Amino acid sequence: MAKVSSNSLRVTNIPPQADKATFIEFAKQYSSKTIAGGWLSPSEHKEAALKNNDTEWRLDDVFNGITVLSSPEEPDLDICAVHGLNGNAFDTWAAQSNSRTTMWLRDLLPTTKPFDNARVMTFGYSSQLSDRQNLSGIMEWSHHMLVFERARPILFVCHSLGGLVARQAMIRLNEYDKPEYRGVQLDRCGLLFLSTPHSGTTEADWNTLLLDIANVSWGVRLEIVDSLRAFNPTSSESQDQYANMKIKPPFAALYETQKTKVGGFNRHVVTRQSASFGNVTASPMANVDHNTICKFDSKFEGFIDVVTQLQHLRSLLLSGSNNAPPTSDDGEKTSIAISGIGGIGKTAAMLDIAHRESDWRNIFYVHGNDKASLDRAYIHIARRIGPEYLMKEFQGKDLQEAWRNERPDERIQRFKAWLEDTENEKSLFLFDDVDGVRGADRIEETVPPEAQTVLYTTRNPVVRDPGFHFHRIRITPMDADTLIKIMEAVRNEELTDSKTFGDLFQSQTLLHIAETVHGHPLAASIAIEYIVRVVSYNNPATAGQAFIEMFNSDNYKERGEFLNFSPENVSIMETFHVSRRRLREPDGQAWRLMQFHCMLDTTIPGTSFFNHTCPMTPEEYPDHDILSTESFYLRGRLSSEIESVSFGERIQFSEPLMFHPLWLECIRHMMGPASKLRYARQVLQVCYHSYFSQVNQDCSGEARTRASSFLAHARHCMQQYRKLASEKYEHRRSPLPSQQRAQFFDILLLHYQRKPMDFIDLHPFVRITAHDKAVGAIIGAALGDAIGLYTEFLPRTECSRAYPTGRFSLLEADLTPFREDSHRDKFEPADWTDDTDQSLALILSFIHNYIPGSDSPPVKPSDIAQRLQIWVTQGLRCLDRPPLGIGMTTGRVLMDPEYLRDPEAVALACWLRSGRSIAPNGSLMRTHPLGVMYVGRTLEETFQAATDVGRVTHVDPRCVVSCCLVTALVRGIIRGEVASETGLDALIEASFAWVSGNAALMNPTEKSLDEEGPVMAEGLEGVESTLKREEYTKHCYAKTLRELELDDKTMGYVFKCLGSAVLTLRLAIRGGLGLHARSTEIFETLISNLVMEGGDADTNACVAGALVGSWVGYSRLPPHWSKGMKNVEWLVVKAESVSFKAGIMEPGPEGRIRMWPDNHDTGLDGCRGMLNKEQLEKMEKDFVLKILLMQKARRERKEAAETAARKGTGVGKWFR
C-alpha cells in the first residue's frame, strides 16, 4: 500500500445529497478520531472533494490514485503532482512551519496566476522501499497515472522517483493506444522534474551484498532500487525509449543544492548531472535538499523557481509549440561523452573514472591530434598486448616471426578486431579530446567502432554518436567548495609561508577567487600561481585581494596578462585558441558573431538583440550579413558551430547561447581598437533605432519589455567599450556618430522616466520579484543592523580577535555570542538596534496613514518627527522595546522642547551651533524604506521625500545627498532600472546633481522658528557649502573597504556609511543577479566582510543590507540570519504591508500578504498606550539592573577562572 499521510485525511464517496455544511460536520466528527492530532484541509480542499461525491463516506490517509485539490468550474489546464521514493501524495508536498502545514499545491498554487484556473491534483502510489506485499513497479504505476476522464493540457510535477514514473508514462502513452488513456494526449503533456535521477542516484547504488541484507531485514524492493542504480541499464533503456518517441513532451528540470542526511551522513543525493535529461541541463534551486525541493511554505524562494518553470511549460502547451530537445539514436554498443568547455576538467574526470574501474576492466587510453598520431597510439597498444592475444590463430606456430611480418596497419586491424571479442565486453576504451583530431569530421572516423564501451572527452556539448547506446555527461563549472580544494593544493605546492602570504590561507579569499573565475578549475589553478609569482611582488600579504580587485576593475591590460599567463599549464588564452581554431573559419562569420555577443548583455532573458527593427545597409553596417533580421537561419547555423566548439551552450534549443564569462573576456582581448569601435558602433546604432521604433509605434507591455532590453544592451556595450578603450586616443572616439551622441544619452535618461508603475506589468513574475526585493530591502537592513552590532565601535584588528571566523549565526541553537563589553551588554543577541527602530517610524507611519492609490504623499515628515520623538522617550511601543543606541545628534535634536513646532528648524539650529561641521549617519540609517514606498513615484518625488524625511534631524547637504542616493537605489533596483554598475553610477550622478542644483539644500541658512527668533547667524549666506564633489566621488567610487577607513575616529561620518554601502552593492552586482544556487551566500559574505571592518558597523551594515537585500531579494537572504532574528515574523508582515500599500503586490488572492489588514499596532502608541512617569522610571531601573547583574556575573566568572589558575586546578593548569 502507499505511505500514509501524517498531516491530512482524504474524504471520498460523499453522498450526492450532502451539502457543504453536512460535510464540515462530518469532518469535525471523524477527523480527530481517525488520526490522533490530525486535521482536515481548508475549505478549498473540502469544496473540491464535494465535487467528487458518490454513495458512501470514506476516510483515508493513503491518498492512493488521483486526489483533486482544486477544481474551478472550467479549468484550462490540469496539474498533477507525482511523489517520489517513500513519499505520500499529500505529505511529499507539505511544508511544516511554526506548527502550521502548508501544502503548496492546495494552498498557494491555485491562488497564483496564471494557475488560478487550473485543476490541481496529486497522484499517489506504493513507493515504499519496505513494502514487500505490493509488487507494483514503475511500469504499473505509469499505467495508473494515465487514467483521466477528460482531455486537456496537463503538466506533471514530479519529485525524485516520480519523474521516472512520469517519464515511463509518456513512453507508455506513445506505445499503447488504450481506451483508458484517451484522457491524456502526448502532445498536450509537459513535465517538471524535481531532483529526478534520470541517470541514477548514488544513494541507490548499493552493492549486491548490502541489498541482500537489506531485503532480509527491511524488505527493500530490489526492482525499485535497481531503477535508481547509478548509470544502470534500466535507466538507459528508458532514456533511449523516450528519445525514440516521435512526439516528445516539453520538460524542465530542477535539482537540489544542499546535502541530505542519509543514515547519519550528509550526502548529495541527486546531482545536476543526474538530474539533467537529454539536452536539458537541470537548473539549481537554492537552499533545498532532496526532501525539501518539493515543499514550500510561502510564495518566495523555491516556489518562484517552480512557478517560473510551470508557466514556461504552460505557455508551450497552450500555444501548441514544443521545444523538447532532440535525442540520440539507439544502437547495440555503449558510448559516454564527457563534454565541457576547455579547462573545465574533462580529462581529469575521465582519468578518475579509469582509475576507479582499473581493478576489474581492461583500460585503453588513446590521445591523438591526427590520423598518424592515432595510428602510433594503436600500434603502441597492440605492442603492449602482444601476439599471444592478437594472433590466436597462430597458436602452436612461431608467433614472434608472424608478428614481425605484420605490417603496422595489419597490427592495428588485429587490435581493433580483438576489441570485439567476448573477453573485452567489459573493456573500457578511453579517447581524450575526440574532436581535436584533424581530418576527422565524424566520431566514427576517430573512435574504433569495434570498441564495445567507449568513454571520450569532447568540447562539443551536442555531439551525437550513432550506432551506440549513447550517454552524455556535461562537466559544468565547479562548485566553490571543490574549487577551493584545488586552489589549496596548488597553493601548498607553491608555498608554505602562511604569514607572508596571509590572505591566500584564508578561505574567504579563496572563495572570492572561485567566484571571480566562475567555477573554472584551470583558471583557478592559474590564478593561484599568478598571485604567488606575479601579484605578490607588491604586497604578498594581500596579494589574493589585489588579484580579485584587479579582475573586477577596469584594468584591461592586467587582466590580459593573467589570461596569457602560462606556468606549467597552458594559459587560459591558449585554451581559448584551441576552441577558436576548431571553428570552420577561425576568422569567419562565427567569430564575428561572437564579437557581437561579447558587447551585449548576455544575462538578459527572453528578447533577443537580433530581433531588432533597425534597417540595414552595407555602408552603415559592415556586418549586416549577420545582424540583419533576415539572417535568422544563418545565425542559427553559426550558433550551432559556436556551440560545437564549446564557446557557448544552450540549456534548450529554443534558448539563446550562454557564454562562460572567461570566454567573453578572451574575445574582448582578441579585439583590436578598430574591431572594438566597429562592433560597439553597430550595437549602439541597432539599440538606438530599435528603442525608438518600439516606443513610438507600440505601447504594449511586450514593446516596453523589448525597448528596455535594448537599453540594457546599450548600457552594457558602453561599459565594455570604456573598459576596452585603454589607449588615450580611443577615449575621444565615440562609438556613435556625433549627430546621435546627445540623443543616445537622452535615451538612457528616458529609462529613468518611465510611467511610475509600468514596470510591474512587463511580465507576470515581475510583480512577485519586485515584492521579493521590496521585502528584502527592509529585512536585509534589519539583518545588517543585527549583525553589525557584533562589531560596532570596535577597531578592525579587535574584530578579528573577537570573532576569528568572521561568520555569524542568529539561530538560537547556534547563536554567535557577543564580545563581552559594556556596549553590547545593553542589547540582546539576534536583535536589531536604533537604526531599524528609526526606519520603523517611517514604515509604521506609511502603513497607518497612506491610502493606496491616493495622490497624497506616501509619508508625512511631521508624523515621522512625532513618532521619532515618542521613540526617543518611550521606546518602540508596538514591541515594548526601550530606546537604545541613540546617536548624539539625533538625540540632541529630538529632545529639544521646541522640536515638534518645526523639526527642520531645530535640526538646522543644532547644525549651525556645531559650526556646520557635523554630518553623521543618523538620517541615512532610516530612509531606505522610502525606496519601496516611492517605487511608483518619479525620481524627483523620491529625492524630495528622502530630503524631507532626512532633514527632520539632519540638514547637512552631505546627509541629504546620501539619503537621496540610497533611497533612489532601492527604488531603482526594485524597478529593474539598476541592473548593472552603469545604472548605479547613473544614480550617483543624478543624486548629486539634484542636491547641488538646489541652493537651499546646499547652504541651508534661512529656516527659523519664528520671525523674532531666527536660527541663522548673520553673514552665513555666502559661506561655501559643505558638500564637495571630490569628497562625494571619493567615497561613492571607492574600490576597497580598507580605503574608507571605517574604524577611525570619524567612523560615524555619513559618507563613510554611504561609501561602504555603495561599494557593497557594487560587489553584489558583480556577483550576478542572485539567482544561482549559492546566492544566499552573497548577502552573508558581503555583510560579514563589512562588519568585520569595525567602526559604526551596525549602521554601515544596515544601509548596505538594504541595498544588497533589495538586490538579492528576501527569498535569498541567509536563513540562519533571517529565521533567527528576533521579531522577524512581525517585521516581515510590516514589510509585506508596505509592498502592498505601495502597489507592488496586489491585494488579490495571489498576494502573500498574510496579515496586512491586521496592522492594529501602527498607531503612535503601538496599541499599548503611552508609558507614564512611573512606568518609564521602572523601565529604566529594570534595564539598568539587568546590565548590572550581567556585568556582575561576568566579573564573577573572571575571578573564578583567575582563582582556579592560581591554585593550579581547573582549566588554568592546562595553559601553564
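Each reported figure results from applying straightforward, stated rules to the coordinates on display, with no laboratory input. Computed from a predicted structure; not experimentally measured. Here Cβ is always computed from backbone atoms with ideal geometry, including for glycine, and neighbour counts include all displayed protein chains.
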Separation in nanometres of the label points that stand 7 Å from Cα toward Cβ, at A349 and T422: 3.5 nm
Taking H823, H954, H624 and counting other C-beta atoms within 10 Å, the order from fewest to most: H823, H624, H954
Label-point separation in nm, L900 to K1181, each point 7 Å along Cα→Cβ: 2.7 nm
Per-residue ³J(HN,Hα) for region 969-981, Karplus 6.51 cos²θ - 1.76 cosθ + 1.60, θ = phi - 60°, Hz, x for Gly and Pro: 5, 4, 4, x, 5, 5, 6, x, 8, 10, 10, 7, 5
Segment E619-S507, extension gain: residue separation times 0.36 nm, minus the distance between their alpha carbons: 34.9 nm
In sequence order, calculated HN-Hα J values of region 627-636 (Karplus, 6.51, -1.76, 1.60; Hz; x Gly/Pro): 6, 4, 5, 6, 8, 4, 5, 4, 5, x
Selection from A986, T890, C963 lying farthest towards where the dipole of region 875-991 points positive, charges on Cβ: T890
Computed lengthening from M658 to K246, 0.36 nm per intervening residue step minus Cα-Cα distance: 145.5 nm
Packing-based exposure ordering (other Cβ within 10 Å, fewest first) of I548, I513: I548, I513
Rh by Kirkwood over Cα pairs, then Stokes-Einstein D for region 850-936 at 1.306 mPa s and 10 °C, µm²/s: 109 µm²/s
For L191, residues with placed amide H under 5 Å, excluding near neighbours: F156, F251, A252
Efficiency of FRET from Cβ geometry, T1040 and R819, R₀ 22 Å, rounded to 0.05: 0.30
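How much length, in nm to one decimal, is gained on full extension between N569 and S640, taken as 0.36 nm per residue of separation minus their Cα-Cα distance?
This chain segment gains 22.6 nm when fully extended.
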Förster-model FRET efficiency, 35 Å R0, K860 and T797, C-beta, rounded to 0.05: 0.20
FRET E, pair E74, Q96, Förster distance 22 Å, beta-carbon r, rounded to 0.05: 0.05
Karplus 3J(HN,Hα) series, Hz, for region 796-811 with 6.51 cos²θ - 1.76 cosθ + 1.60 (x for Gly, Pro): 4, 5, 6, 4, 5, 6, 6, 9, x, 7, x, 10, 9, 9, 9, 5
Distant-in-sequence amide H partners of A81 (H built 1.01 Å from N, under 5 Å): M121, T122, F123, V157
Distance (nanometres) between label positions extended 7 Å along Cα→Cβ at K259 and A541: 3.5 nm
Cross-link pairs beyond the 23 Å C-alpha cut-off, checked among K860/K1178; K557/K1039; K113/K246; K259/K1123; K1028/K1049: K860/K1178; K113/K246
Net +/- balance of residues flanking N266 in space, Cβ distance below 11 Å, scoring K and R +1, D and E -1: +2
